[in-house]
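Trainee: Have a look at this one before I ask anything.
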Amino acid sequence: TLLATVSSNTIGKGYFVSDGEIQTWGQFQDAIVTAAGTKVRTLNFPEFLVTAAAYGGELMTKLDKKPRLFNHQKAIMGAQEAWTCKIDALKADTGFEPTVFANEGCKRALAWYRENGWL
């Protein structure tokens, strides 16, 4: 948020930015599924397969210049057991209040991906 760029309270600090309601990776995934309006099946793959798929996605992007939704960074994020995002520090230092919440943000992002041919 721009508030962090103009406040003396934020110098040298980093912040998580979210809607304040979504705090875990699972909650974020649920918001995406809700926005997509579809059912999903959870699959647990061995780490070596996930890593291979991630690097395969990056290789394909290099070859055909089409961005992939899955890459090494996404694999790392998905593997985290305790991913949390709280905005308490950002609120305290800047007065930040979210204006777009995760469910609406996911709907907008999904629409953008579809409009731009990524899905």
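Trainee: Of all residues being among the charged types (D, E, K, R) and within 21 Å of Gly14 (Cβ to Cβ) in region 69-95, which is modelled with the lowest pLDDT? Just the residue, please.
Mentor: So the residue we want is Lys86.
Trainee: Find the residue count for region 30-54, including only residues that are of a type outside the set (A, V, I, L, M, F, W, C) and surrounded by 13 or more Cβ atoms within 10 Å (Cβ to Cβ). Walk me through it before giving the result.
Mentor: The first filter runs over region 30-54 and keeps only residues of a type outside the set (A, V, I, L, M, F, W, C), leaving 30, 34, 37-39, 41-42, 44, 46-47, 51.
With the extra rule that they be surrounded by 13 or more Cβ atoms within 10 Å (Cβ to Cβ), the set shrinks to 30, 34, 51.
Qualifying residue count, region 30-54: 3.
One line per residue, one yes/no per condition, for (1) open to solvent by 90 Å² or more (accessible area, probe 1.4 Å); (2) at pLDDT below 90; (3) within 30 Å of Ser7 (Cβ to Cβ); (4) in a loop (DSSP other than H, G, I, E, B):
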position	(1), (2), (3), (4)
Gly57	no, no, no, no
Lys62	yes, no, no, no
Pro67	no, yes, no, yes
Thr99	yes, no, yes, yes
Leu110	no, no, no, no
Tyr113	no, no, no, no
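Trainee: A further question follows. Could you grab me the full set of residues in region 58-82 that are in contact (Cβ under 8 Å) with a residue 40 or more places away in the chain and not hydrophobic (A, V, I, L, M, F, W, C)?
Mentor: Correct list: Pro67, Gly78, Gln80.
Trainee: Here's a follow-up. In region 13-45, which residues are part of a loop (DSSP other than H, G, I, E, B) and either in contact with a Cys (Cβ under 6 Å, 6 or more places away or on another chain) or polar (S, T, N, Q) (or both)?
Mentor: Scanning region 13-45 gives Phe16, Ser18, Gln23, Thr38, Thr42, Asn44.
Trainee: Taking region 1-12, which residues are open to solvent by less than 70 Å² (accessible area, probe 1.4 Å), outside any helix (DSSP H, G or I) and not polar (S, T, N, Q)?
Mentor: Pass one, region 1-12, residues open to solvent by less than 70 Å² (accessible area, probe 1.4 Å): 1, 4, 7, 10.
Restricting the remaining residues to those that are outside any helix (DSSP H, G or I) gives 1, 7.
Correct list: empty.
Trainee: Now for a separate question. Could you please find all residues in region 69-90 being open to solvent by 80 Å² or more (accessible area, probe 1.4 Å) and either part of a helix (DSSP H, G or I) or among the β-branched types (Val, Ile, Thr) (or both)?
Mentor: Those that are open to solvent by 80 Å² or more (accessible area, probe 1.4 Å) and either part of a helix (DSSP H, G or I) or among the β-branched types (Val, Ile, Thr) (or both): Gln73, Lys74, Asp88.
The values are calculated or read from the model by the stated rules, or taken from the named source; none is laboratory data. A quick note: this is a predicted structure, and the numbers were derived from the prediction, not measured. As a convention, Cβ positions derive from the backbone with ideal geometry for all residues, glycine included, and neighbour counts pool all protein chains shown. These area figures cover heavy atoms from the full protein model, side chains too; ligands, DNA and RNA do not enter into them. Shrake-Rupley method; radii C 1.70, N 1.55, O 1.52, S 1.80 Å.
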